[in-house]
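Following: one structure in structure tokens, then a few remarks.
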Amino acid sequence: MLTAMGFATIGFVLVLLLSNRVSAVVALIGVPVVAALVAGFSPTEIGTFAGDGITGVATTAAMFVFAILYFGVMSDAGLFAPVVRRVLRFAGSNPVTIAVATVVLAMATHLDGAGATTFLITIPAMIPLYDALGMRRVVLAGLTGLGAGVMNLMPWGGPTARAATATGLPANELWIPLIPAQAVGVLACLAIAFLIGHRERARLAAVATAPETVAAGAGTGVGKSAGAGAAGGGTGPDEDAEAALLRRPRVYWFNVALTVATVAALIAGVMPPELLFMLALVVALVVNYPGLSAQTERVNAHARGAMLMASTLLAAGVFLGVMENSGMIEAMAAALTGAMPAAIGPGLPLFIGVLAVPLSLLFGPDAYYFAVMPVLSAVGATFGISAEDVAQASIIGEETVGFPISPMTGSFYLLTGLSGVPIGAHIRFLLPWAWLVSLIMLAVALATGVIPLWAG
């Protein structure tokens with residue numbers, strides 16, 4: 001009974017999430033509660049299950065909320081503006097440097113973990129340069145997605161936060177061992193950008209009209225000025241003026257030091273991540289925006305995105321609490337263990353890591369981390385594989401490097417829409433590169449012993 005109910009619950013949740021018929025909150029709360037009632041549990045028991053699950057995700061939700069608020073305030077204060085300007089100056093009119101600059105800019109602007117913010121800054125900033133030189137916009141969309149994807153492993157990024165929620169492990173503990181793999185992934189992205197930039201330069205040189213087009217575009221200088229204006233935070237005079245009012249250039253280096261200290265303390269684990277970001281936000285607000293009115297405005301400006309994610313995480317707590325405490329997860333794991341060939345089980349993390357990016361085409365972050373991964377973790381446990389191993393193998397690529405090709409995420413459509421690239425063309429271009437970066441990071445994780453090659 002529990003086995004059938006468990007599979008039915010997860011299947012129904014996946015259908016709802018993949019079809020976008022309801023919000024993640026509705027699916028993650030409503031379906032498991034109804035399933036538990038049908039399975040014969042009392043409302044009191046279900047309430048206890050859900051309460052336990054919410055307790056388990058509370059710290060992760062708090063960390064995510066305050067991390068988003070902190071980086072949002074830092075962005076308002078102008079922390080990333082000089083980086084954007086320098087990247088645009090570095091790009092110049094060389095397709096190679098423009099390609100590399102695109103990845104660098106996407107990485108820098110994705111420090112807040114929000115794909116929408118990254119795309120809204122990077123794409124408008126770089127489009128004038130690409131159009132002036134005749135570079136393909138599919139390259140712009142692909143490199144922007146690649147840079148954002150490799151930075152999405154950060155502990156305040158959506159996939160890592162979800163993995164932490166699903167496993168009950170601190171996001172920090174999942175991310176820190178993967179830092180070497182992520183660092184190599186960053187280098188791989190830069191190398192890919194360099195290679196693609198050379199290909200674009202060769203393609204432009206082979207086009208008969210390319211020299212004239214490039215000369216015309218480079219001579220006007222329109223690309224640089226328009227890009228800089230877009231990167232500055234707006235698309236018109238009013239928006240630029242509003243963004244300028246929020247800048248705090250006098251305390252810029254203080255903000256840099258505060259951010260570096262926060263990330264360093266996060267890595268060192270000197271205090272819980274949620275408390276660390278709370279304190280960092282307090283300091284950032286007091287220094288940059290003194291006064292009740294100004295501080296309230298800054299919090300309200302970024303509260304919507306933070307609370308949407310927090311509500312999803314809390315809803316996931318209900319889902320996980322009901323599924324685990326009711327025994328459904330255990331029953332499904334036993335059934336899957338019996339059906340899985342013994343030769344495959346010990347290599348489960350390896351198989352997950354290899355397939356992580358393609359899985360992003362099938363499962364959105366909520367569907368995978370809250371419905372699929374808990375079952376995989378339970379199956380892995382029967383072979384002596386820890387939930388941490390399964391989670392780390394997953395975040396190597398599933399909705400991290402893979403999120404810019406995932407039709408299951410809203411930011412995917414923002415990326416393709418802003419760049420004006422057909423969805424199919426974007427996926428065909430980026431999928432092999434994203435998969436390659438994921439496999440490179442997986443190889444580093446295997447070499448460093450973070451992810452086991454084979455259990456036992």
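The values are calculated or read from the model by the stated rules, or taken from the named source; none is laboratory data. Owing to the predicted nature of the structure, the values given are computational and were not obtained by experimental measurement. Glycine gets a Cβ as well: all are built from the backbone with ideal geometry, and neighbour counts include every protein chain shown. When the accessible area is computed, the model is the full protein with side chains, heavy atoms only, and any ligands, DNA or RNA have been set aside. Shrake-Rupley method; radii C 1.70, N 1.55, O 1.52, S 1.80 Å.
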Quiz item: Could you give the distance between the Cα centres of the stretch 151-186 and the stretch 384-434, to the whole Å?
Solution: 15 Å
Quiz prompt | Protection proxy ranking, peptides 148-159, 48-59, average beta carbon neighbours within 10 Å, highest first | solution = 148-159, 48-59
Exercise. Kindly report the accessible area of the stretch 1-152 per residue (heavy atoms of protein chains, probe 1.4 Å, no ligands, DNA or RNA), in Å².
Key: 34 Å²
Practice problem: Within 10 Å, count the other beta carbons around each residue, average over each peptide in 342-352, 241-251, and list them highest first. | Solution: 342-352, 241-251
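Rolling a 1.4 angstrom probe over the protein heavy atoms, how many square angstrom per residue are accessible across the stretch 319-425?
That works out to 29 Å² per residue.
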Quiz prompt | Cα-projected label distance for Asn300 with Ala455, points at 7 Å along beta-carbon direction, nm | solution = 5.1 nm
Self-check item: Carbon plus sulfur fraction of accessible area for the chain, probe 1.4 Å, in percent
Solution: 70 percent
Quiz prompt | Assigned charges on the beta-carbon of Lys, Arg, Asp, Glu; the chain dipole about Cα centre (debye) | solution = 1260 debye
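Largest first, what is the accessible-area ranking of Trp175, Trp253 with a 1.4 Å probe? Let's see the in-between values first.
Numbers: Trp175 10, Trp253 185 Å².
These residues rank, largest area first, as Trp253, Trp175.
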Quiz item: Got a number for the accessible area of Glu274? Probe 1.4 Å, square angstrom, nearest 10.
Solution: 40 Å²
Quiz prompt | Helix 43-76 axis, angle to the chain major axis (alpha carbon atoms, nearest 10°) | solution = 10 degrees
Quiz item: In deg cm²/dmol, rounded to 500, what helix-only [θ] at 222 nm does the chain give when every DSSP H run of at least 4 residues adds -39500 (n - 2.57) and the total is split over its residues?
Solution: -25000 deg cm²/dmol
Quiz prompt | Rounded, prolate or oblate (a/c below 1.5 giving rounded, otherwise prolate when a/b exceeds b/c) for the stretch 242-340 by Cα gyration tensor | solution = prolate
Exercise. Give the shape of the stretch 303-456 as rounded, prolate or oblate, defined through the alpha-carbon gyration tensor: a ≥ b ≥ c are the square roots of its eigenvalues, a/c under 1.5 means rounded, and otherwise the shape is prolate if a/b is larger than b/c and oblate if not.
Key: oblate
Quiz prompt | Among 5-12, 357-364, 420-427, the order from most to least packed when residues are scored by Cβ within 10 Å on average | solution = 357-364, 5-12, 420-427
